[in-house]
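*Asks:* Okay, here's the structure, questions in a sec.
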Amino acid sequence: MNHPVNTAYAETAHNDGYLDMPVLFLTAQYDFVCECVHSRLAEPMRTYCRNLSEETIRSGHWMAQEKPAEVNAALVKWLATAVPGIWPRPR
């Protein structure tokens with residue numbers, strides 16, 4: 001619905017659209033709204049995020065509400081390993 005504006009914005013992207021910073025993508029195992037486990041939907045992200053970590057949560061689309069402890073554990077694990085100099089914040 002917004003393809004022309006998205007295309008114009010993408011043409012201004014720095015670094016040819018590649019992201020080099022750490023990125024976490026949480027995939028919901030049983031998400032049929034945004035299915036990224038078996039489909040090719042996540043392939044562009046895997047191409048353009050050079051420092052990508054992925055974690056699959058055994059939940060449906062609303063993973064933060066369905067599995068809050070698992071989502072928080074995945075976030076904490078990623079923060080502690082992917083950006084240890086930033087989180088937890090040094091005292």
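*Asks:* Farthest toward the dipole's positive end in the chain, which of G85, L24, H3, given Cβ charges of +1 (Lys, Arg) and -1 (Asp, Glu) about the Cα centre?
*Replies:* G85
*Asks:* Just one of (1) 117; (2) 109; (3) 140 is volume of the Cα convex hull per residue in Å³ as worked out from the coordinates here. Which one is it?
*Replies:* Read-out taken from this structure: (3).
*Asks:* Keeping every protein chain present and rolling a 1.4 Å probe, give me the accessible area per residue for the chain in Å².
*Replies:* Per-residue accessible area for the chain comes out at 78 Å².
*Asks:* With a 1.4 Å probe and all protein chains in place, put F25, F32 in order of accessible area, largest first.
*Replies:* Final ranking, largest accessible area leading: F32, F25.
*Asks:* Moving on. Round to a whole number: what % of the accessible area of the chain belongs to carbon and sulfur, probe 1.4 Å?
*Replies:* Carbon and sulfur atoms account for 59 percent of the accessible area of the chain.
*Asks:* For the chain, modelled as a GNM with alpha-carbon contacts under 10 angstrom, which of L75, L24, L41 fluctuates the most?
*Replies:* Comparing L75, L24, L41 in the GNM, the peak value goes to L41.
*Asks:* Can you list the HN-Hα couplings for the stretch 29-45, worked out from phi with the Karplus curve (6.51, -1.76, 1.60; θ = phi - 60°), rounded to whole Hz and with x for Gly and Pro?
*Replies:* So the Karplus estimates, Gly and Pro as x, are 3, 10, 8, 9, 7, 10, 7, 10, 7, 10, 8, 9, 4, 8, 4, x, 4 Hz.
*Asks:* Heavy atoms only, probe 1.4 angstrom, no DNA, RNA or ligands counted: give me K67, K77 ranked by accessible area, highest first.
*Replies:* Sorted descending by solvent-accessible area, the residues read K77, K67.
*Asks:* Where is the GNM fluctuation largest for the chain (alpha-carbon springs, 10 angstrom cutoff): R58, R50, R40?
*Replies:* R40
*Asks:* OK, next. In what order, largest first, do R46, R91 sit by accessible area if the probe radius is 1.4 Å?
*Replies:* R91, R46
The values are calculated or read from the model by the stated rules, or taken from the named source; none is laboratory data. What you see is a predicted model; the values in this text were computed from it and never measured. Methodologically, a virtual Cβ is constructed for each residue, glycine included, from the backbone with ideal geometry; neighbour enumeration extends over all protein chains shown. Each accessible area value is taken on the protein alone, full model and side chains, heavy atoms only, with ligands, DNA and RNA left out. Shrake-Rupley method; radii C 1.70, N 1.55, O 1.52, S 1.80 Å.
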